[in-house]
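Working notes for the structure below.
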Amino acid sequence: MKGPRWLIGLLLLCGFLTAARGTADVIEERRALMRALADNIQGIWNGLARGEGPAVESKAKQMAAQAGRVLPLFPPNSFHPPSRAQPAIREEFRTFEGFVDDLKQAAEALAASVHQQGLAEVQPHLTRLMRSCRQCHRRYIQPY
């Protein structure tokens, strides 16, 4: 009977290590997505500075699509180091979801505004987009 016990222990350990690896993967995927969002924000600012409406519209569309990928990257077991995301995200998931939805809507509105009116009317949408990022990070990201 000792044989099966060590085998069961080994299988449990393998399962735990696989789950831990999966968590590390989702944390890294989440970080990569946040970096991509930040890169697109920078692209929007650069496009605005150069008066490049199509570039601004493209970056805003990319942000809207990326926002749609955020929520699944915050599973319950992904709030330990190296993650800086606060566990409060899970406790207040509807509020977190609201920030992400607002980001998506703001990015879509920004892209539509540029497409329909050029760069003249982007400010309210850009302000909304930046506010949704800032509010979410203030509430749900651990300081360095």
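Here are the numbers for this structure:
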read-out	value
Evaluated over the range 27-140, the Cα radius of gyration and Dmax, each in Å	14.5, 45
C-alpha center-to-center spacing [the range 114-139, the range 46-63] in angstrom	12
Point-to-point label distance, THR127-ILE141, nm (Cα→Cβ direction, 7 Å offset)	2.3
Rotationally averaged projected area of the range 54-108 (alpha carbon convex hull; nm²)	4.1
Charge dipole (debye, nearest 20) of the range 27-140; +1 at Cβ of Lys and Arg, -1 at Cβ of Asp and Glu	300
Cut-off under 5 Å, modelled amide H: who pairs with GLN86 long-range	ILE141, GLN142
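Every number in this text was worked out from the coordinates using simple rules, so none of it is lab data. Quantities reported herein were computed from a predicted structural model and do not represent experimental measurements. Don't worry about glycine lacking a Cβ; one is built from the backbone with ideal geometry, like all the others, and counts go over all protein chains shown.
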